[in-house]
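Okay, so here's the structure we're looking at.
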Amino acid sequence: NFEKYASNNDWNKFHHTHYDWWAYPINEPSRFGGMYQLSQENVAELQQNEIFMKNLLRGLQLGTMAWGWDIIRNQKLKDCKKSQKWQNWPIRLYKMTKCAQIFNLTDYFNSLKLFGQILIKEGNQFQFKGHDLTG
């Protein structure tokens with residue numbers, strides 16, 4: 001679906017669809033407890049799966065494009081559509097960054113971190129349900 005959203009320039013679909021828990025898996029419990037929490041063994045197994053890793057990288061690229069960020073070039077996209085902008089989803093950016101970190105995607109992790117730092121400098125708050133996500 002991500003590729004379809006992007007090819008149709010339907011960036012709002014990224015903003016209004018709930019997919020973080022499966023598109024950007026992390027090693028922390030969710031509101032469902034440990035149901036979607038990755039173990040070290042899960043991460044190691046997924047890192048060996050070429051299709052998973054290819055899809056993860058593309059999902060991170062498209063997810064940030066929806067916010068007007070180029071994760072490859074570490075900069076804001078030029079000529080964005082009206083809906084390609086930050087949507088105040090700090091928890092999604094947190095999960096994407098955490099996912100990149102646990103899968104050792106250093107360049108993507110650093111780009112996501114830079115994007116977050118820019119957003120904070122622009123005055124955006126990184127709070128989710130009373131928790132500070134800047135740490």
Give the residue, chosen from 31, 58, that is modelled with pLDDT under 90 and out of contact with any Pro (no Cβ under 8 Å at 6 or more places or on another chain). 31
For region 46-65: of the residues being free of Cβ contacts under 8 Å to residues at least 24 places away in the same chain and of a type in the set (A, V, I, L, M, F, W, C), which is nearest to residue 90 (Cα to Cα)? 52
Report yes if residue 115 is closer than 16 Å to residue 65 by Cβ, assigned to a helix (DSSP H, G or I) and either of a type outside the set (Ser, Thr, Tyr) or in contact (Cβ under 8 Å) with a residue 40 or more places away in the chain (or both), otherwise no. yes
Would you check if residue 108 is assigned to a helix (DSSP H, G or I) and not polar (S, T, N, Q)? yes
When you go through (1) surrounded by 12 or more Cβ atoms within 10 Å (Cβ to Cβ); (2) modelled with pLDDT of 95 or more one by one for residue 91, which number turns out not to apply? (2)
Read through the list (1) surrounded by 16 or more Cβ atoms within 10 Å (Cβ to Cβ); (2) more than 13 Å from residue 99 (Cα to Cα); (3) at pLDDT 95 or above, then give the number of the only condition that residue 14 fails. (3)
Entirely in region 18-86, the helices (runs of 4 or more DSSP H) that have 3 or more residues that are over 18 Å from residue 2 (Cα atoms) and not small (Gly, Ala, Ser): 40-47
Contacts under 9 angstrom Cβ, first residue in region 25-37 being over 18 Å from residue 60 (Cα atoms), partner surrounded by 14 or more Cβ atoms within 10 Å (Cβ to Cβ) and β-branched (Val, Ile, Thr), 6 or more apart: 36/26; 37/26
For region 33-56 the number of residues that are surrounded by 13 or more Cβ atoms within 10 Å (Cβ to Cβ) and either among the basic types (Lys, Arg) or in contact with a Phe, Trp or Tyr (Cβ under 7 Å, 6 or more places away or on another chain) (or both) is 5
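Residue-wise test of (1) of a type in the set (Phe, Trp, Tyr); (2) under 10 Å from the mean Cα position of the chain (by Cα).
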{"residue": "15", "(1), (2)": "no, no"}
{"residue": "18", "(1), (2)": "no, no"}
{"residue": "22", "(1), (2)": "yes, no"}
{"residue": "32", "(1), (2)": "yes, no"}
{"residue": "37", "(1), (2)": "no, no"}
{"residue": "42", "(1), (2)": "no, no"}
{"residue": "52", "(1), (2)": "yes, no"}
{"residue": "87", "(1), (2)": "no, no"}
{"residue": "94", "(1), (2)": "yes, yes"}
Could you please find all residues in region 1-17 being assigned to a loop (DSSP other than H, G, I, E, B) and either charged (D, E, K, R) or closer than 22 Å to residue 52 by Cβ (or both)? 1, 10, 17
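The values are calculated or read from the model by the stated rules, or taken from the named source; none is laboratory data. What you see is a predicted model, and the numbers here were worked out from it, not measured in a lab. Every residue, glycine as well, gets a Cβ built from its backbone with ideal geometry; the counts of neighbours run over all protein chains shown.
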